[in-house]
Amino acid sequence: MSKNNIIIGSIAIVVLVVAAWFGVRVVMTPAPAMHAVTIGNHDVVQEVSTTGQVEAVDTHELAFGTSGIVKTVLVQKGDTVKAGQVLATLDASDIAMQRASANAVVIGDQETAQQGLVNAQTALAQLKKADAASIANATQKVLDTRTYMNKMQDIFTDVSNDGDIDTTSVTYITAAQALAAAKNSYNEAVTTLHALQASVKQAESSAESQVASAQVSQTLKSSTINASGDLSVNQAQLGYQNAVLSKTILRSPVSGVLSSVDVHVGEYASPAKASATLLSSALKITASVSEKDIASIQVGQHANITIDALGSQVFDATVTSIDPAATIDSGVASYGITLEFVKQDAAIISGMTANIAIPVAEKKNVLAVPSDAVFSNGDAYFVNIPDGEHSSHQQPVQVGIRGTNGYDEIVSGVSSGESVLSFSSK
């Protein structure tokens, strides 16, 4: 016998021995034992289970609004930031100088307008004070001339009533002339007062118009529009510089976690490239559900979530969206769903794997048997009823909810208190 034949024969013997050993092992492996279980009432819960991925509800690619050299970077990857927080800045020294210049012009305009208003108000106040004094003097002159006129009237009346004095006498003529002069002085005083009042009214009205005009000018200079309702040139320039300056500051639009920071001090940054990526604090779960289960899922349904990395702790979530169209993979259709946590938990991080259980049907305290006691033959279901220690027969049953908690609802076919064969002992 050749050496090769000996080797081949040895290999064949080894193969036969190994095969025989495995064969014995297979034959000797006992079949799972079935137990008689008493039928009773149980809670039956049917769930749709799947796995998904934890993701941020929103992802923001953040970029500066203008180009420039990075001056400061105040955060790093993994940092938790708040809405409005400054993340990085560009060197804005030139823009700041231009902004300061524009602001100085605007401030100068405002100060000039304010001084014009003050001057107009001061002039009006002084005019009113002088006019009040003039009116007071003129009014007093009217009062004095009237008093004198009344005195001359009394003298003339006395002279006229004196029977010893003739109208041609010097006394009578003198009294009459004095009364006439007094009346003329009074009338002139009244005329002067009226003319002064009209003049004062016109002068003060003009001064008040100047104050109103100065007020309008001051208001316009303090706002961002001109008299035509357009942006004033100086205000527009200041607004532009403010806008450019704000673009040199990178702020967080919402609260969240930075998944990347891609800028460094001294680098050139531009709006064309994202300088950081922000994941919102709110988290969601994306998952796929099979075609046969998707009809049981509705927006708003509650779900129980466990996270592989966090052990057995259960988190509450809600179905927030269902894809309207299926995704086909290797001929198998599935539908994407999105869930959001009812309460955010700092221990949950984007990227973790989530185990999802969505209760879609539940019945309390109904007739049920262990799920492994129910068998099917096409569309028909049956259970095995023990007849004795070593025999049993098949009993057709009508099944209700097929639970995922270990029990199936039995609508008819068996009664409470009967026994069925089950691989479990519950």
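The values are calculated or read from the model by the stated rules, or taken from the named source; none is laboratory data. Only a predicted model underlies this, so the values are computations on that prediction, with no experimental measurement involved. Cβ sites come from the backbone with ideal geometry, for glycine too, and all protein chains shown count toward neighbours.
Criterion first (assigned to a helix (DSSP H, G or I), free of Cβ contacts under 8 Å to residues at least 12 places away in the same chain, surrounded by 13 or more Cβ atoms within 10 Å (Cβ to Cβ) and not aromatic (F, W, Y)) does T174 satisfy it? Criteria met by T174. Scanning region 44-65 for residues that are closer than 16 Å to D262 by Cα and surrounded by 13 or more Cβ atoms within 10 Å (Cβ to Cβ) returns T59, H60, L62, A63, F64, G65.
The number of residues in region 15-58 that are farther than 21 Å from T306 by Cα, at pLDDT 55 or above, out of contact with any Phe, Trp or Tyr (no Cβ under 8 Å at 6 or more places or on another chain) and not small (G, A, S) comes to 5.
How about region 383-413: which of its residues are surrounded by fewer than 18 Cβ atoms within 10 Å (Cβ to Cβ), under 55 Å from the mean Cα position of the chain (by Cα) and closer than 20 Å to H35 by Cβ? Selection gives N405, G406. Here G311 meets each of (1) modelled with pLDDT under 95; (2) at negative phi; (3) not aromatic (F, W, Y) with one exception, condition (2). Say whether the condition of being closer than 30 Å to A287 by Cα, in a loop (DSSP other than H, G, I, E, B), at pLDDT below 95 and acidic (D, E) is met by at least one residue in region 338-349. Yes, region 338-349 contains at least one residue that is closer than 30 Å to A287 by Cα, in a loop (DSSP other than H, G, I, E, B), at pLDDT below 95 and acidic (D, E). Being at pLDDT 90 or above and within 27 Å of I305 (Cβ to Cβ) holds for only one residue in T353, T404, and it is T353. Here region 317-337 is the region considered, the condition is being part of a strand (DSSP E or B) and in contact with a Gly (Cβ under 9 Å, 6 or more places away or on another chain), and the residue that is surrounded by the most Cβ atoms within 10 Å (Cβ to Cβ) is I337.
Residue pairs whose Cβ atoms lie under 8 Å apart, separated by 6 or more positions or on different chains, with the first residue in region 145-171 and in the same structural domain as T191 (by TED's automatic domain parsing) and the second among the polar types (S, T, N, Q) and surrounded by 13 or more Cβ atoms within 10 Å (Cβ to Cβ), are T145/S185; Y148/S185; M149/S185; V159/T171; I165/T171. Of everything in region 368-381, what is surrounded by fewer than 18 Cβ atoms within 10 Å (Cβ to Cβ) and among the hydrophobic types (A, V, I, L, M, F, W, C)? Give them in sequence order. Hits for region 368-381 are F375, A380.
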